[in-house]
Amino acid sequence: MTDRLVEANQRYAAEFADPGMDARPVLKVAVVACMDARLDLHAALGLELGDCHTIRNAGGVVTDDVIRSLTISQRALGTRSVVLIHHTNCGMETITEEFRHDLEMEVGQRPSWAVESFRDVDQDVRQSMQRVRTSPFLLSTEDVRGFVFDVRTGELREVDAA
C-alpha cells in the first residue's frame, strides 16, 4: 500500500509547481477534526491549499497535543479562529476506556494517554470547545465554534456552546 502512495506522489511531484506560499494560513483558521476517512475537510468547507491548519485525531477531540498544535498555530503562525468538527456515526462512540485495559493486558504496559471516547457527540463538541476556550496557552479563544458533520448528507450542524 505504501508503494502505491509513493508512486502517486511521484506523479504529483512531476506536475508540482511551488505555490510560493507562506506557512501562515491565509484565513487565519485552525480546524480540529476527526481522522475519519469519510471527512474530506477541504471539499466540505470550501477550502484551498494554504487556507487553514488542519489538526486531526481519533474523534476530533481536544487533547493536550491538540492544544500544543493550536498554541503553535496561533502564537507562531497567526491563526485566530478555531473550528471543531466531530461527525455522526463516529467509532469513538463505541470504544470505552476498557480499550486501555485490553491494551495493557495484551502488551504488558498501560497506555499513558486517555482514549477520549464519548457517547454523546454534541456534548463532546461542547467539551472540546470548553477546553479550547479555557486554555491559558492560546492567544485567541473568542472565535471557537463546534460542529457535527453528517457523514450521510455532508452537512454541518452547529453545536451551541451552552
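Where a number appears in this text, it was derived from the coordinates with a stated rule and is not lab data. Small disclaimer: the values here were computed from a predicted structure and weren't measured. Here Cβ is always computed from backbone atoms with ideal geometry, including for glycine, and neighbour counts include all displayed protein chains.
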Ranked output for segments 151-157, 88-94 by mean other Cβ atoms within 10 Å, highest leading, reads 88-94, 151-157
Can you tell me the relative contact order of segment 9-162? Whole percent, Cα pairs under 8 Å, sequence separation 6 or more.
-> 24 percent
Compute the signed sum of charges (Lys and Arg +1, Asp and Glu -1) over the other residues within less than 11 Å, Cβ to Cβ, of V26.
-> -1
Computed curve, the chain, Cα-only Debye sum without solvent term, log₁₀ I(q)/I(0) at 0.08, 0.15 Å⁻¹, is -0.28, -0.92
